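See structure below.
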Amino acid sequence: MHNFTSLLFGLDEFQVIDVAPTTCPDLLRVVIEMIETQAACPSCGVFSGGIKERPQRRIKDLPGSGQQVELWWRKRRLKCVEAECPTQSFTQTSLAIAPGSRMTERLLAKVAWSIAKSNRSISDVCREYRVSWTTGNKALAAAVQQWLPAPEPTRVLGIDETRARSVKWVVEAESWKRTDPWMTSFVNADPNFSGRLLGLTPGRCGACVSTWLGKQTQEFRDGIEVVVIDPSAPYACGIRSALPGVKIAVDHWHIIKLANQMVTDTRRRVIQEQQGRRGQAIDPMWAHRLLLLTAAEHLSPKQRKRLNKVLDSQDPTGEIQAAYQCKELLRKLLATSNEPRLIRNRLFEFYTACADANTVETIKLAKTIQTWWPAILVFLQHRVTNARTEGFNRVIKQVKRTGCGYRNMDNYEKRIMSHIALNRAA
């Protein structure tokens with residue numbers, strides 16, 4: 001019976017000595033013992049099989065066949081046969097149960113895997129396997145070292161930020177200071193390969209970008225040709241500091257977002273000047289505000305007719321319509337393929353429209369495009385975006401909600417990286 005029971009138990013170094021029910025209906029008492037009867041003395045290395053005593057140690061293990069297991073290890077304490085050895089006795093050790101531990105390695109591995117894979121809270125997983133929160137968190141931290149390989153070289157690197165915790169006010173040096181914790185993520189954004197989260201670092205400044213890049217291998221840094229970012233001056237500064245020769249591309253979605261915001265700001269200002277108040281539902285321009293933000297090619301003939309009617313009747317100065325035309329010309333520019341002559345013509349059309357409109361909002365947008373034009377041109381040439389980075393930000397936010405906010409940023413980083421590593425590998 002012992003051989004088949006030991007096979008079912010599943011630890012090669014051990015054999016099952018006894019299995020018996022307990023007073024609890026869903027709890028089994030299992031006694032195990034190591035198959036090997038001899039062991040080497042840790043001090044002198046001489047093998048010994050003389051037993052001094054056989055104390056039993058309770059070990060936590062995985063459930064078996066739908067029942068909780070009360071595992072007892074009958075542990076041999078052996079006598080050292082070497083007369084000159086200072087160690088008179090020693091206990092057997094096993095790979096399945098670490099020295100000094102009261103849990104099997106497979107239990108710790110299962111707890112860590114359950115936390116990372118399913119994105120459940122640590123408390124929920126630990127409650128299922130009857131271990132403490134601290135044990136589960138330590139198991140996850142230990143497993144992360146095996147799951148996370150070094151960042152692989154990539155031609156296109158995506159960088160973006162996500163909020164790590166809520167904004168708080170803390171007392172520091174007898175004054176209140178605002179804490180606004182962020183994390184910067186680094187993603188393989190090469191469209192020719194599958195995306196992977198390469199790393200995280202606290203903060204969203206240029207220094208955190210250059211510091212993270214400085215920790216990577218020279219091979220990794222040399223392989224980067226293009227870095228995709230949002231229009232962020234600190235990020236651009238950090239990239240130029242760490243990677244002087246690399247090209248910086250700006251994500252086109254954020255440029256279009258700036259154009260939409262320009263249209264919204266123009267509409268709000270015009271309504272305020274005309275009505276002396278904010279826009280309301282009774283105002284046709286306010287009621288049709290979303291049509292102004294919709295791409296022209298996505299408007300149906302009926303929607304286009306309604307929008308033109310509202311602009312003709314509710315925009316006497318023509319400023320809103322001019323802002324809308326500037327936005328559409330910018331979208332047209334960003335959709336241009338890598339044809340230098342066509343890019344120059346459409347850029348000229350956009351700048352001319354902004355100058356003709358001559359409003360605070362259009363001039364501001366034109367200056368922003370001029371500032372970021374080298375990075376926008378890199379986007380037009382390589383057509384790389386930060387879409388993958390934004391996708392990983394969504395997963396990071398899901399982990400954050402489950403974790404309910406970590407005070408330790410290292411734990412937060414390990415939790416995010418392990419969850420993404422396991423699910424991307426699957």
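Readers should treat all values here as calculations from the given coordinates under stated rules, not as data from a laboratory. Quantities reported herein were computed from a predicted structural model and do not represent experimental measurements. Note: ideal-geometry Cβ built from the backbone for every residue, glycine included; neighbour counts use all protein chains shown.
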Mind listing the phi-derived Karplus ³J(HN,Hα) values for region 321-327, rounded to whole Hz, using 6.51, -1.76 and 1.60 with θ = phi - 60°, and x for any glycine or proline? 5, 5, 5, 5, 5, 4, 4
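Remind me, relative contact order of the chain in percent, using alpha carbon pairs under 8 angstrom and six or more residues apart?
This gives 13 percent for the chain.
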Can you list the residues, at least 5 places off or on another chain, whose amide H is less than 5 Å from the amide H of Ile17, using H built in the peptide plane? Val31, Ile32, Glu33
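Given the -39500 (n - 2.57) contribution per DSSP H run of 4+ residues, what per-residue ellipticity at 222 nm results for the chain, rounded to the nearest 500 deg cm²/dmol?
-15000 deg cm²/dmol
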Above 34 angstrom, tally the Cα pairs of the chain and express them as a % of all pairs, no decimals. 56 percent
Residue list for region 310-327, given a label point 7 angstrom along the Cα-to-Cβ vector of Gln275 and an amide N cut-off under 18 Å: 310-321
Cα-derived Rg over Rh, computed across region 104-147 with Rh taken as Kirkwood radius: 0.91
Based only on other Cβ atoms within 10 Å, what is the fewest-to-most ordering of Glu36, Glu413? Glu36, Glu413
Please turn the phi angles of region 148-165 into ³J(HN,Hα) values with the Karplus equation 6.51 cos²θ - 1.76 cosθ + 1.60 (θ = phi - 60°), one per residue in order, whole Hz, x for glycine and proline. 9, x, 5, x, 7, x, 9, 7, 10, 10, x, 10, 7, 10, 8, 6, 8, 9
Stretched fully, the stretch from Lys168 through Arg54 gains (0.36 nm per residue minus C-alpha distance, one decimal, in nm) 35.4 nm
What ³J(HN,Hα) values, in whole Hz, does the Karplus curve 6.51 cos²θ - 1.76 cosθ + 1.60 give for region 234-251 when θ = phi - 60°, with x put for Gly and Pro? x, 4, 4, 5, x, 5, 5, 5, 8, 10, x, x, 7, 8, 10, 10, 9, 5
Zone of Ala98 (label point 7 Å along Cα→Cβ, backbone N under 12 Å): which residues in region 125-148? 135-145
Of the beta bridges DSSP finds with both residues in the chain, what % are antiparallel, to the nearest 5? 70 percent
For the residues Asp283, Asp222, what sequence is obtained by ranking on other C-beta atoms within 10 Å, fewest first? Asp222, Asp283
Quick check: the distance between the Cα centres of region 273-306 and region 123-172, to the nearest angstrom? 45 Å
For the pair Asn345 and Leu7, how long in nm is the line joining their label points, each one 7 Å along Cα→Cβ? 7.9 nm
Provide the packing ranking of 334-345, 316-327, i.e. peptides ordered by the mean count of other C-beta atoms within 10 Å per residue, highest first. 316-327, 334-345
Given just the C-alpha atoms of region 2-102, how large is their convex hull per residue in cubic angstrom? 98 Å³
Dimensions (Å) - region 252-382, Cα atoms, principal axes, largest first: 46, 31, 22
Calculate, for Ser43 and Glu152, the FRET efficiency according to 1/(1 + (r/R0)^6) with r their C-beta to C-beta distance and R0 41 Å; round to the nearest 0.05. 0.40
Peptides 363-371, 70-78 ordered by average Cβ neighbours within 10 Å, highest first: 70-78, 363-371
